[in-house]
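What follows is one structure encoded as structure tokens, with my remarks underneath.
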Amino acid sequence: MRKTLIAGNWKMNKTPSEAKELINALLPLVKDSSNDIIVAPNFVSLPIVASLTQDSNIKVAAQNMADIEAGAVTGETSVLMLKDIGVSAVILGHSERRQIFQETNKLINKKISLALQHDLLAIYCVGETLEERESGKFLSIIEAQIKEGLDSISADALKNVVIAYEPVWAIGTGKVATGEQAEEVHAYIRGVLGSMYSPAIAEKVIIQYGGSVNPENVKELMGKPNIDGALVGGASLKPDSFAALVNYNK
């Protein structure tokens, strides 16, 4: 049975001192949760967050990483650096990386492969823009993201991949896909994975929903059969609201 994973993507928010305050407030609120928990601070806050959560039930993810291990690449962060400070997961392919920094499925595939080689959990983001949804082509867009992003990823390595479906039109907008809209895409993604690997393997993959998830809509979304968790943005920046999401099933 798939376990629910609630992850918080802090994006470019929280100084290290603010991150310390947030984590110290969050830890007692979620210590008894039955769900898996990940927080993804910005790079400069990663060391303090990794240190504070070391003996807790919260795991730490980076929001991105380079597609090579080391070298003359100014401004990038290596998987080796992330591993050294205690990071155990990485978010890859987020729509903001795709749109602002023009990351392609091919580049993201390289990053996923490298993360998996180093035993990091890869949270792979896919999703459509409003224009793509309204054109009726959104499922084919997502299928291409899945197939190209996971190209040459073995069935064994897929055990360390989480898919995060984030409709771009719902990220930070307050708009949320209905439970039915989200479930349709999650089921489709699982079907694509089934065709690439096998239905049995696809059934084991955690597929999160992301896009304006909050304590008011989380139960409806998590109640759908193919939605296995949430990748949370703004609501993860406050201990109380993120704890409410983590503890939604209490």
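Here the range 130-202 and the range 26-96 have alpha carbon centers that stand 23 Å from each other. Compute the FRET efficiency between Asp156 and Lys20 as 1/(1 + (r/R0)^6), taking r as their Cβ-Cβ distance and R0 = 45 Å, and round to the nearest 0.05. The calculated FRET efficiency here is 0.75. Couplings 3J(HN,Hα) of the range 65-73, computed from phi: 6, 6, 8, 10, 6, 6, x, 7, 10 Hz, in residue order, whole Hz [Karplus 6.51 cos²θ - 1.76 cosθ + 1.60, θ = phi - 60°; x for Gly and Pro]. Viscosity 1.567 mPa s, temperature 4 °C: Stokes-Einstein D of the range 154-250 from its Kirkwood Cα radius, in µm² per second? Translational diffusion coefficient: 93 µm²/s.
Each Cα pair under 8 Å and six or more residues apart adds its sequence gap; the mean of these over the residue count of the chain is a relative contact order of 22 percent.
In the chain, helical runs assigned H by DSSP with n ≥ 4 each contribute -39500 (n - 2.57); averaged across all residues and rounded to the nearest 500, the mean residue ellipticity at 222 nm is -11000 deg cm²/dmol. Dipole magnitude for the chain: computed about the Cα centre from +1 point charges on Lys and Arg Cβ and -1 point charges on Asp and Glu Cβ, it is near 280 debye. Sorting the Cα pairs of the range 36-78 by distance into bins of 10 Å, from 0 upward, gives 27, 43, 26, 4 percent per bin. In this calculation the C-beta distance from Met1 to Glu220 is compared with R0 = 22 Å, giving a FRET efficiency of 0.60. Here the simple spin-label model places points 7 Å from the Cα toward Cβ, and for Lys147 and Ala200 these points are separated by 2.5 nm.
Distances between placed amide hydrogens fall under 5 Å for Leu121 paired with Ala89, Val90, all partners being 5 or more residues away or on another chain.
The value for the chain of Rg(Cα) / (2.2 N^0.38 Å) is 0.94. Pairs over the 32 Å Cα-Cα cut-off, from the set Lys147/Lys238; Lys83/Lys224; Lys11/Lys110; Lys59/Lys250; Lys20/Lys106; Lys11/Lys224: Lys147/Lys238; Lys83/Lys224; Lys20/Lys106. For the range 11-111, applying the loop criterion from DSSP together with a ceiling of 16 other beta carbons within 10 Å to the GluC sites (Glu not before Pro) yields Glu69, Glu76.
Computed from the coordinates by the stated procedures, all read-outs in this text should not be read as laboratory data. Predicted model, so just to flag it, every value in this text is computed and none were measured. Ideal geometry is used to build each Cβ from the backbone, glycine not excepted, and the neighbour counts take in all protein chains shown.
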